[in-house]
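What follows draws every value from the coordinates through simple rules; no lab data is involved. As the structure is a computational prediction, the values presented were derived from the model and not from experiment. With ideal geometry, Cβ positions are generated from the backbone for all residues, glycine too; neighbour counts draw on all protein chains shown.
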Amino acid sequence: MSSRQQRFAIISMPRTGSHLLGSLLHSHNQIFVHGELFHPHKIGLSTSRRYNFRPLQDALGQNMIIFRNSDPIGFLNLAMQVDVPAVGFKLFINHSKIIFGLYHRL
């Protein structure tokens, strides 16, 4: 991972084209986009051909959600360990209680 890596979030509401935007960005070979990392009931780690997080997700199972909820910064750092110049994820406004709770801990 480059020290100059740009990290970003696609912040949107459901049914507004965020999936299309993420897919278009992800199709570029220097951009990697995860799905909804902070969905309340699942984690949208990308399982693309370039970087497959599925073994990690399968190994941790529900513990991955517990880890994400208890250490959002550590979780994001883990999810962003992709060797591309830009990496991001989708965040729906109604899934952001974890993120907003994070600000109280900073």
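Between Leu24 and Phe8, full extension at 0.36 nm per residue minus the direct alpha carbon distance yields a gain of 4.3 nm. When peptides 6-17, 28-39, 77-88 are ranked by their average number of other Cβ atoms within 10 Å per residue, the highest-first order is 28-39, 77-88, 6-17.
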